[in-house]
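What follows is a single structure, written as structure tokens, with notes after it.
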Amino acid sequence: MLSRRVVSFVVIALVFSVSAAANRGITAEDYFAFQFVSDARISPDGRQVAYVLTAIDQKKNRRNSSIWLVAVDGLSAPRRLSAEGLNSNSPRWSPDGSRLAFLSARNVETLDPAPSGAGAPAEPARPQICILNMDGGEAQVASHLKNGVTVFQWSPDGKRFVAVSRVGPSDQVPRDAHKSDVRHYRHILYKFNDTGWYDDKRSHLWVVDAASGQDQQITSGDDWNDTDPQWSPDGARIAFVSDRTGHEYDDSHNTDVWVIPASGGALTKISDHAFEDDLPRWSPDGQRIVFAGRTTRRQFPKLYVADAKGGGAPSSLVVDNLDLIPVGLHWGPGPNNLRFESGFKGTTQIYGVDLAARAVTPVTHGERSVHGFDINQKAGVMTYLANDFEHLDDLYVAGLDGAGERQLTHVNAKLWHELDPAKVERLPYDSTDHWAIDGFLVKPIGWQPDKKYPMILSIHGGPAGQYGVDWYHEFQVYAARGYAVFFCNPRGSTGYGQKFERGIVNNWGGMDYQDIMAGVDAVLKQNSWIDRDRLGVTGGSYGGYMTNWIVGHTDRFKAAVTLRSVSNFISDDGTRDGAYGHEDDFKGFLFDDFNQYWNASPLKYASNVKTPTLILHSDNDYRVPIEQGEQWFRALKHYGVTAEFVIFPRENHNLTRTGEPKHLVESLNWQLYWFDRFLNGNKDAKPPDASSSPSSPPSPSP
């Protein structure tokens, strides 16, 4: 007979065994259950953090965002502040912490009803600034701007807001169902991927009284946009960013930092560079403004500081040889320090700048992505979001030096307990010309060393971007289906300095292709369990371009899925949202050297393609217009390649990031269908539109 102690051990072992067995790999449909944390802000007393939580409403096929509150000490559960059923975002504390403002269309009446009997639909309510008293009560609408508010900031005294809204000549014209609806443009920039066709409205600044809602427009102009307003510490002035050359819509690249009195009036120019200057931030005493600036095209921004009065000595560099891309710039802690975040070698970290020492040092560390930070100098704390390869973002708090980190939210904890996420391992290697490259390998879920597994090569977009230890839903889905995943940061990627990022100039399809292939060779050499006869390749945007390029230059891949991809630079440059947008990559305009654009186009090499290729594209993609996918599909079919073309309606270039939830999930399932069919050899693989329910996961071949 077994002893009681042995029986107990067996029972515990069985419980753990059942629990482990119950866990499963991540599916495409898990996206519907994910929750996303963003835009966290510390209260002035440093005791609470307001943040945005976004969840998916699968039935309505939309995302719902709400405002939540969590205590910094972590002793109480987070609680919801905003009402259900109404999207709310951008929480901002009043300076005394007694009120929380946010953007929402709650209780907002339609400001431009349809003319009686005209048959034209009413304009939807636009987000306005709402104020919630923290001692109780319902939120009240504070602004009443015709086109809503996109960005706002409290004044230092808590009595006003500076708000960004849009205004244009059509606002003065009554809506008329019989008025012409043709589009008429005078400038070379007339569409943008996220927003579609431009209208006649421009972004400008308003000052809104927090108590009465009375508003005053303080900037104007039909040829430029004013953005990123920042109050001076005394509340008398507002810094902002604008291209006042009058050529913004003719592809100018000369934004500057300006200052205007809060009551309106004459502008003072602060920055002094011929290219992009942005991210203005006031020093605590209001005497200086720090900003990011560029002196040449496609330069990594440098940090400059200037006299806030303007008109004096030229701005000066804050640090020498900064080789990072600063975003999320903050002044502090203290009068002689700055903070920003930046990508670095596959991670994202917060960095501190000591103005006296002219030195930059990391504040956070680790194999993860740290971003969206906020600091409270008085309370001695900072908050930030962090994710890694196995987890979505959660909210963290730490000391100003990064010590004593504590996790405040666990928004997907229940789901993580049910899932078995794959892990990533860093795999550095050398390019053929001895550049150091970072690769990353994901093993399939349930990996066994005595089995052979197919591998998917994934290529990031940009090329000015980076892969690393961030969260990638698609990689988790691949791994759960029995695929290894390899991804890397070839030259052209950010996070490795300006020389590395500009290493792709006039060389698309050249050394970047060699870097990627060297990574494939390295991962195959180090991992004999990968089946080199079952390799797939995929990528979106630049990654789609490179997918097309690869299958036109090698037959080693047995399946390809190309998303929102460039196939023909000549037609792409004439139809995309940024007019002639590749001149920096080819050292000249299309018309200056027609052949270099054609030589770098995958379409030129379509006759070489043998790899079965699935083409996924969005019909409202203005960054890489749908004609790019059409040309690639027709060419492959012309040359007898097995190819299919899937078009996503109503979507733009950001389908796999911000597309309709059902389309985002469908996109993943189309990828799985293609790889199952051609890497697993599953002749019975069903495309997602063949059945209303997803097919069961195939077992990887031994």
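Quick notes on this structure:
- Filter pass, residue 244 being modelled with pLDDT of 95 or more, among the basic types (Lys, Arg) and closer than 29 Å to residue 173 by Cβ: yes
Rundown of residues vs (1) surrounded by fewer than 15 Cβ atoms within 10 Å (Cβ to Cβ); (2) in contact with a Lys or Arg (Cβ under 7 Å, 6 or more places away or on another chain); (3) modelled with pLDDT under 90, yes/no style:
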| position | (1), (2), (3) |
| --- | --- |
| 112 | no, yes, yes |
| 116 | yes, no, yes |
| 125 | no, no, yes |
| 128 | no, no, no |
| 132 | no, yes, no |
| 136 | yes, no, yes |
| 141 | no, no, no |
| 147 | no, yes, no |
| 151 | no, no, no |
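- Residue 393 vs. criteria touching a strand residue (DSSP E or B) at 6+ places or on another chain (Cβ under 8 Å), buried (at least 21 other Cβ atoms within 10 Å of the Cβ) and of a type in the set (Asp, Glu): yes
- Whether a residue is modelled with pLDDT of 95 or more, polar (S, T, N, Q) and either in contact with a strand residue (DSSP E or B) (Cβ under 6 Å, 6 or more places away or on another chain) or at positive phi (or both) was assessed, and residue 369 passes this test.
- Some residue of the range 237-260 being basic (Lys, Arg), farther than 12 Å from residue 219 by Cβ, out of contact with any His (no Cβ under 6 Å at 6 or more places or on another chain) and surrounded by fewer than 16 Cβ atoms within 10 Å (Cβ to Cβ): no
- Members of the range 280-313 found to be in contact (Cβ under 8 Å) with a residue 40 or more places away in the chain, crowded, with 22+ Cβ neighbours inside 10 Å and within 23 Å of residue 584 (Cβ to Cβ), listed by number: 303
- Residue within the range 25-44 that is on the phi > 0 side of the Ramachandran plot and modelled with pLDDT of 95 or more present: yes
- Contacts under 9 angstrom Cβ, first residue in the range 552-575 being on the phi < 0 side of the Ramachandran plot, partner basic (Lys, Arg) and assigned to a helix (DSSP H, G or I), 6 or more apart: 552/604; 559/677; 568/604
- Among residues of the range 231-246, those that are more than 27 Å from the chain's Cα centre (by Cα) and in a loop (DSSP other than H, G, I, E, B), counted: 8
- Close pairs from the range 209-221: first aliphatic (A, V, I, L, M), partner not in a loop (DSSP other than H, G, I, E, B), Cβ under 7 Å, at least 6 apart: 210/131; 210/160; 210/161; 218/205; 218/206; 218/207; 218/260
- Criterion: more than 28 Å from residue 498 (Cβ to Cβ), surrounded by 22 or more Cβ atoms within 10 Å (Cβ to Cβ) and either touching a strand residue (DSSP E or B) at 6+ places or on another chain (Cβ under 9 Å) or among the polar types (S, T, N, Q) (or both) - qualifying residue of 565, 667, 607, 571: 667
- Enumeration of residues in the range 649-689 that are aromatic (Phe, Trp, Tyr) and closer than 15 Å to residue 544 by Cβ: 670, 674
- Only one of 355, 329, 317 that is over 27 Å from residue 492 (Cβ atoms) and either within 25 Å of the chain's Cα centre (by Cα) or not basic (Lys, Arg) (or both): 355
- Taken as a whole, the structure leaves residue 181 outside the set of residues that are outside any strand (DSSP E or B), more than 30 Å from residue 623 (Cβ to Cβ) and charged (D, E, K, R).
- Check on residue 175, at pLDDT below 90 and surrounded by 14 or more Cβ atoms within 10 Å (Cβ to Cβ): yes
- Contacts under 6 angstrom Cβ, first residue in the range 358-370 being touching a residue at least 12 places away in the same chain (Cβ under 8 Å), partner among the aromatic types (Phe, Trp, Tyr) and not in a loop (DSSP other than H, G, I, E, B), 6 or more apart: 360/351; 362/351; 370/384
- Residue list for the range 332-352, filter: in contact (Cβ under 8 Å) with a residue 24 or more places away in the chain, surrounded by fewer than 21 Cβ atoms within 10 Å (Cβ to Cβ) and either polar (S, T, N, Q) or over 30 Å from residue 488 (Cα atoms) (or both): 332, 333, 334, 335
- Within the range 65-89, tally of residues that are at pLDDT below 95 and among the small types (Gly, Ala, Ser): 6
- The range 308-424 holds strands (runs of 3 or more DSSP E) entirely within its bounds, and those carrying 2 or more residues that are within 30 Å of residue 475 (Cβ to Cβ) map to 327-331, 337-344, 347-354, 369-376, 381-388, 391-399.
- Taken over the range 502-552, the criterion of being in contact with a strand residue (DSSP E or B) (Cβ under 7 Å, 6 or more places away or on another chain) and either modelled with pLDDT under 95 or among the basic types (Lys, Arg) (or both) is satisfied by 534 alone.
- Applying the criterion of being of a type in the set (D, E, K, R) and not in a loop (DSSP other than H, G, I, E, B) to the residues of the range 425-452, the residue that is surrounded by the fewest Cβ atoms within 10 Å (Cβ to Cβ) is 425.
- Helices (runs of 4 or more DSSP H) fully within the range 553-664 that include at least 2 residues being at pLDDT below 95 and within 28 Å of the chain's Cα centre (by Cα): 569-575, 583-586, 655-658.
- Residue list for the range 207-230, filter: surrounded by fewer than 20 Cβ atoms within 10 Å (Cβ to Cβ), touching a Lys or Arg at 6+ places or on another chain (Cβ under 7 Å), part of a loop (DSSP other than H, G, I, E, B) and of a type outside the set (Gly, Ala, Ser): 222, 225
- Residue in the range 46-62 that is under 27 Å from residue 157 (Cβ atoms) and surrounded by fewer than 18 Cβ atoms within 10 Å (Cβ to Cβ) present: yes
- Check on residue 544, under 14 Å from residue 601 (Cβ atoms) and surrounded by fewer than 24 Cβ atoms within 10 Å (Cβ to Cβ): no
The values are calculated or read from the model by the stated rules, or taken from the named source; none is laboratory data. Predicted model only: the values in this text are computed from it and were never measured. Glycine also receives a Cβ, built like all others from the backbone with ideal geometry; neighbour counts cover every protein chain displayed.
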